[in-house]
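Asks: Following this message is one structure expressed as structure tokens.
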Amino acid sequence: MMPSERIIQKLFEVKPILRRYNRVVECPELSYTIAGWLGDGAFTIDFRHHHYGIMLRSVDYEFAAEWGKCLAISLGKRRAYKPFWDKNHQCWTVVGRSVILCRILAEACKDVTSVRHILKKYPIEACRAFFDAEGCIVKERWRYEIVAANYNKALLELVKELLNDLGIEATITTQRRLKSTFFNKQTGKWYKYKQDHIYILEIRRKENLIKFYDAVGFTIRRKMETLREKISSNKKDR
């Protein structure tokens, strides 16, 4: 076991101070929560008031609602965390609180292999969450592909490994950025890219798209419908 994995294991062994608080349940929903957060998540930590918040933003309500439900189950709560509309960022936002989960996610940010054993145990939920957050269907030449972009190459390599476990082939490429800033139409603001290149995870070939549709899929209905349409219209690989 890697040192980072041992840290996570110790966090799971922490006994909750109260019965319903400060605990994390290792389950399929936790895999979805972690993978989705690694795609679209952030922290909202207030050390002064001891608030350890875990936040996810998404333009898709279905993804935000599913992540909020999985977060609640992961923390042993009965009620799902409900998304609310963030006017400033023009997206749906979900916020939950957990000291232990914050520490787990902080370790994952430093070394994604620290949560590898959790995601490997529930690869379907992990892949679905990550592609709910980062995935889209694009047309490349004469065929369609599922792609996901991220600055963290190690994260994409882990997702690729999970896909391979499910019999789905994927490749990782590097894309250089020609500009250092971009304009977000939803917020009406300019943003600066973190670095001059980004990594792209690509699922090509019709048989792999079909396997993804059958085994993983999207929580987001519009993405699922688009994938179904593109699979039926995809030409055979040349």
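Asks: Return a yes/no flag: does segment 151-168 have any residue that is among the small types (G, A, S), over 18 Å from E62 (Cα atoms), in a helix (DSSP H, G or I) and assigned by TED's automatic domain parsing to the domain that holds Y213.
Replies: For segment 151-168, residues among the small types (G, A, S), over 18 Å from E62 (Cα atoms), in a helix (DSSP H, G or I) and assigned by TED's automatic domain parsing to the domain that holds Y213: present.
Asks: Can you spot a residue in segment 40-62 that is in a helix (DSSP H, G or I), at pLDDT 95 or above and buried (at least 18 other Cβ atoms within 10 Å of the Cβ)?
Replies: yes
The values are calculated or read from the model by the stated rules, or taken from the named source; none is laboratory data. Quick caveat: nothing in here was measured; it's all calculated off a predicted structure. Cβ sites come from the backbone with ideal geometry, for glycine too, and all protein chains shown count toward neighbours.
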